[in-house]
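Please read through the structure below; I'll follow up with questions.
The values are calculated or read from the model by the stated rules, or taken from the named source; none is laboratory data. In this text, all values refer to a predicted model and were calculated from it rather than measured experimentally. Cβ sites come from the backbone with ideal geometry, for glycine too, and all protein chains shown count toward neighbours. Side chains included, ligands, DNA and RNA excluded: accessible areas come from the protein's heavy atoms. Shrake-Rupley method; radii C 1.70, N 1.55, O 1.52, S 1.80 Å.
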Amino acid sequence: AAKKAGVQVIGCPKTIDGDLKNEMIEASFGFDTATKVYSELIGNIQRDANSAKKYWHFIKLMGRSASHIGLECALKTQPNITLISEEVAEKKQTLEEIVEYMAGIVAKRAENGDNFGVALIPEGLIEFIPEMKVLISELNDLLAEDSDSEKEFKMLRKSHRNEWVATHLTDDSAKVFMSLPSGIATQLTLDRDPHGNVQVSLIETEKLLGEMVKTKLEKMKKAGEYVGKFGAQYHF
């Protein structure tokens, strides 16, 4: 304006998280772009799933502290299962309840001969499950850097470590810890940040759920509650 050039600059807010929504901004185009791109990818996987008819696809989406992206993609693509972190926290759901819910849908589809499907999972889900939050907090205390317990832990043979950890947790947390697939349990004790805390972002939540659903379905099969075949594919 000072040089009478007739140039006007307009700032356009952009964020992937959908957290700028207000009376002026209906949806930021970062969020709009992200969910459109993700939904196209999810749609491609759905078409593939419906063609091959032999895999359940567990798809982890961005969204550590909010499930806006997962919800918007679910509205766009209509998957078989969508987990919403905020809903899990509000209902105070346990990991076991989430696994039961997912296995129930897999079994219901299998009754119709459909041994395939798509599940959407927000990446921050683990931190919203109350019992996992407590477990992670206890592990952070137990394995704090340079603590006596951490030194004792490091002296153990790798094959004995998870069992040792379980005996040093509260009963509830020990039960949750021992219910985890061994690879995930090990990941919780080894992959720690410089402060000695669990690196939640490294937890492969989609694989954790996929493996636990598989174990649950095997039990259901023995009890005559599940008739299908289960194979999982994982995407992030």
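Report the Rg/Rh value for the chain, based on alpha-carbon coordinates and the Kirkwood definition of Rh.
1.08
Once both axes come from the Cα atoms, what is the angle between helix 95-111 and the longest principal axis of the chain, in degrees from 0 to 90, rounded to 10?
That helix lies at roughly 80 degrees to the long axis.
Right, next: Give me the one-decimal nm value for the distance between modelled label points at E111 and H168, 7 Å along each residue's Cα-to-Cβ direction.
4.7
How much accessible area per residue does the range 47-156 have, counting only protein heavy atoms and a probe of 1.4 Å, in square angstrom?
In whole numbers, the range 47-156 has 50 Å² accessible per residue.
Which order do K3, K207, K54 take when ranked by solvent-accessible area (1.4 Å probe, heavy atoms of all protein chains), largest first?
Greatest to least solvent exposure: K3, K54, K207.
Where does the range 123-162 land on Rg(C-alpha)/(2.2 N^0.38 Å)?
1.40
Also, quick follow-up: When all protein chains stay in place, what accessible area (Å², nearest 10, 1.4 Å probe) is found for V227?
Near enough 110 Å² of accessible area.
What percentage of the solvent-accessible surface of the range 30-141, computed with a 1.4 Å probe over protein heavy atoms, is contributed by carbon and sulfur atoms?
Ligands and nucleic acids excluded, carbon and sulfur give 50 percent.
Find the centroid of the Cα atoms in the range 28-58 and in the range 120-157, then give the distance between the two in whole Å.
Cα centroid to Cα centroid, the span is 32 Å.
Using DSSP to define loop residues, name the GluC sites (Glu not before Pro) in the range 118-220 whose beta-carbon has at most 15 other beta-carbon atoms within 10 Å.
Here the GluC sites (Glu not before Pro) that fit, given the DSSP loop and packing criteria, are E145.
Related question: Could you put M62, M178 in order of accessible surface area, largest first, with the 1.4 Å probe and the full protein assembly present?
M178, M62
What is the log10 of I(q)/I(0) for the range 126-199, computed with the Debye formula using one identical point scatterer on each Cα and no solvent, at q = 0.14, 0.20, 0.27 Å⁻¹?
Normalising to I(0) and taking log10 leaves -0.38, -0.81, -1.55.
In addition: Report, to the nearest 10°, how far helix 130-142 tilts away from the longest principal axis of the Cα atoms in the chain, using its own Cα long axis and a range of 0 to 90°.
Tilt relative to the chain: about 70 degrees.
I want to verify the translational diffusion coefficient of the range 85-169 in µm²/s; compute it with Stokes-Einstein, Rh as the Kirkwood radius over Cα pairs, at 10 °C and 1.306 mPa s.
101
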